[in-house]
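The values are calculated or read from the model by the stated rules, or taken from the named source; none is laboratory data. Every value quoted in this text rests on a predicted model; they were computed, and no experiment measured them. Note that we place each Cβ from the backbone using ideal geometry, even for glycine, and neighbour counts take in every protein chain shown. Ligands, DNA and RNA are excluded from the accessible area calculation, which covers all protein heavy atoms including side chains. Shrake-Rupley method; radii C 1.70, N 1.55, O 1.52, S 1.80 Å.
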Amino acid sequence: MHYVINYEVCALLFLGIVCADFLSKKRLPTKSNRFFELFILLGLFDITLDIVSAYTVENVSTVPIALNYILNTAFYLLQIALPAVLLLYVYALAGNFVIEYRKQILIHMIPAFAMLVLNLTNNFTGLIFMVTRNEYIHGPMFVCIYLATLYYLLEVGLHLFRFRKSLRKIEVRTIYTFIIFIFIAVAIQFCFPAYLLTGVGIAVAIAMMYLTLQNPDELLDLMTGSFNRNSFIVSLKERMLYDETCSVIVVAIDEMKTVNNLLGVDMGDAIIRKVFRVIAESSEDEMIFRLSGDKFALLPSTKISCRRIAKDVRESICREHIVNGAEVQISACVCYGTVSNVYDYEYILKLLEYAIPVAKANGKGSILEIDDMMLKRYHRELDIQKALHEAIENDGFDIYLQPIYSVKTGKFTQAEALVRFPHQKLGMIYPNEFIPYAEKTGNIVKIGEIVLNKVCRFIRDNNLMETTAIEHIEINLSAIEALQHSFPIKVKKILENYGIPAGYIVFEMTETAASNANNIVENSLRSLNAHGVSFALDDYGTGYANIDTVIRLPFSVIKLDKSMVRAYFKNRKSALIFRDTVRMVNDLDILTVAEGVETENQFKEMSELGVDYIQGYYFARPMPTDEFLKFIANNNA
């Protein structure tokens, strides 16, 4: 028979280029990558042997019989090995190449082992093929090669469906397309044996897999040449699948934003590349991943090497370096640790996001071990995050009220509404624990609405305006809430729904938030102020607000922080500043509240200084609404 090998030769050249390109690039040492490397090499040898064996079969009378047996046996073994390795690749891609699946994998390899035995004994049995001095003949069980190939292609298709939840859609689509290509090529060659086309199907399918699933460029950071965040996730998943422990190091360069602003983005990029090279030189050939602009990560193999590498990396980075011909002092915070029995890569990512700010809070160039104590705090934060979502959905917040004393009337005429978050398992969760997370995720907007609704309902249901001397209820306002364009509309609507006069509500904004207020926040405050809602500047003396902030925003009350109150009693200078502040604010026709008053001496001093209102534990701590009503009834009688 005369074989048409033109298509196969083209396929060999094409696949050779693809193989050379793939093997020349930096790759992750994952199981799926290793199986793909094996697959692409087997495909290359398969096509080569297909071409060579076609020639030897055509010239059977001139080629030694032993050589024909060797070449054809090797070729048919590769015909079975290719789809079998593809099945193993699917297992690895889905993250299921683990002990639990070992028995299944061995069972699936039985047809391949059977064909191996048939091929290796074929020289004695002639069941697959026979070679004589004058001809090449297919044996009675030659069709088993096609049946075995079909079996593995079907198994791959079934396992793609079985593992579909563990695979990306593009992975499933690409491998299904691969199966179709191979099936068509095998079917044509089965019907027309003279046309060698299986190599064409293999080459096209492998190239498609390379470009869509196994392209190394997609896993590299182009600026530094390190692996990127996607690579880190892939490596992290594999580490957690096959190891009980996972060691990780994260390096966060200090003050990169300042560097970019002062020295320019080009110098900033040069510093990032320099840090990468320094990490590479001091990390014992570990893989380095760039997680984001100024953060790198490593996955050391052991806990001992993790600690050593972390310290070496920090010492190597935190010193002067020559960057673009200039001496630059570089520093970075390093977090490292080893966690056990973790099977969710997102847990590690969130843990690193939690650890980095903690390390940076300790100062530039800090090194922080993620130990059991930190893990305990982190787990509590995760529990709080989960509980917070449930509380938002199920109205799990309570309102506590702290009465505010009026110096002029000698009665409690105001109160500050404070949100409390009781939880059945976690106990009372205070605002300093859940508010930062709520602000980071935007859930503070929903919490703000819940609090306003609860306060308005409390005012209405207890007829607070008619039965008590309470003139205002103060509610804390986050800058994130005020940034919402719909904020003024929502507030007006809620007040109207409950029939609460706008002047009965005072929103408190912290000094830090007020000093960073942009035009959107200012417009929201002015819109509500025009409607009758008042605003108080909270924690005055702790942030960066100046007199311009006080004048620019419509504040009618300034609450002097407890730190200023305490400082008043410590030294003469602090007392002078406090007196002048009270006098200045009064001259601006703005009311003052002294916060954090805890003793009778403090109460008397604040009263004599001309402060309008006094708030603090001297009178009462924040209390549930029913206790608040009793307190007001007893103390305002």
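Okay, here's what the table says:
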| item | result |
| --- | --- |
| Hits in the range 594-610 (condition: in contact with a helix residue (DSSP H, G or I) (Cβ under 6 Å, 6 or more places away or on another chain) and in a loop (DSSP other than H, G, I, E, B)) | E595, G596, V597, G610 |
| Segments classed as helices (runs of 4 or more DSSP H), wholly inside the range 65-147, with at least 3 members that are open to solvent by 30 Å² or more (accessible area, probe 1.4 Å) and not β-branched (V, I, T) | 65-93, 102-108, 110-120 |
| Options T409, T413: the member that is touching a residue at least 40 places away in the same chain (Cβ under 8 Å), hydroxyl-bearing (S, T, Y) and open to solvent by 70 Å² or more (accessible area, probe 1.4 Å) | T409 |
| Test for A54: is it farther than 30 Å from S166 by Cα, of a type outside the set (S, T, N, Q) and surrounded by fewer than 17 Cβ atoms within 10 Å (Cβ to Cβ) | no |
| Residue in the range 431-438 that is open to solvent by less than 30 Å² (accessible area, probe 1.4 Å), in a helix (DSSP H, G or I) and not charged (D, E, K, R) present | yes |
| Exclusive hit being part of a loop (DSSP other than H, G, I, E, B) and open to solvent by less than 40 Å² (accessible area, probe 1.4 Å), set L153, L167 | L167 |
| Filter result for T174 (within 19 Å of F39 (Cβ to Cβ), touching a Ser or Thr at 6+ places or on another chain (Cβ under 7 Å), in contact (Cβ under 8 Å) with a residue 24 or more places away in the chain and assigned to a helix (DSSP H, G or I)) | yes |
| Residue list for the range 63-112, filter: over 25 Å from K237 (Cα atoms) and out of contact with any helix residue (DSSP H, G or I) (no Cβ under 8 Å at 6 or more places or on another chain) | P64, I65, A66, I70, I107, I110 |
| Where E58 falls short, out of the listed (1) charged (D, E, K, R); (2) at pLDDT 90 or above; (3) out of contact with any helix residue (DSSP H, G or I) (no Cβ under 9 Å at 6 or more places or on another chain) | (2) |
| Leading residue by the ranking (surrounded by the fewest Cβ atoms within 10 Å (Cβ to Cβ)) among those in the range 315-357 that are farther than 22 Å from R239 by Cβ and in contact with a Cys (Cβ under 8 Å, 6 or more places away or on another chain) | S331 |
| When residues of the range 204-222 are limited to those that are closer than 22 Å to L299 by Cα and in contact with a helix residue (DSSP H, G or I) (Cβ under 6 Å, 6 or more places away or on another chain), the one most open to solvent (accessible area, probe 1.4 Å) | L219 |
| Tally of residues being outside any strand (DSSP E or B), open to solvent by 40 Å² or more (accessible area, probe 1.4 Å) and either touching a residue at least 12 places away in the same chain (Cβ under 8 Å) or in contact with a Pro (Cβ under 9 Å, 6 or more places away or on another chain) (or both) across the range 393-406 | 1 |
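Okay, residues lined up against (1) modelled with pLDDT of 90 or more; (2) under 21 Å from Y437 (Cβ atoms); (3) out of contact with any helix residue (DSSP H, G or I) (no Cβ under 9 Å at 6 or more places or on another chain):
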| site | (1), (2), (3) |
| --- | --- |
| C318 | yes, no, yes |
| E327 | no, no, yes |
| A332 | yes, no, no |
| Y336 | yes, no, no |
| S340 | no, no, yes |
| D344 | no, yes, no |
| L352 | yes, yes, yes |
| A355 | yes, yes, no |
| K360 | yes, yes, yes |
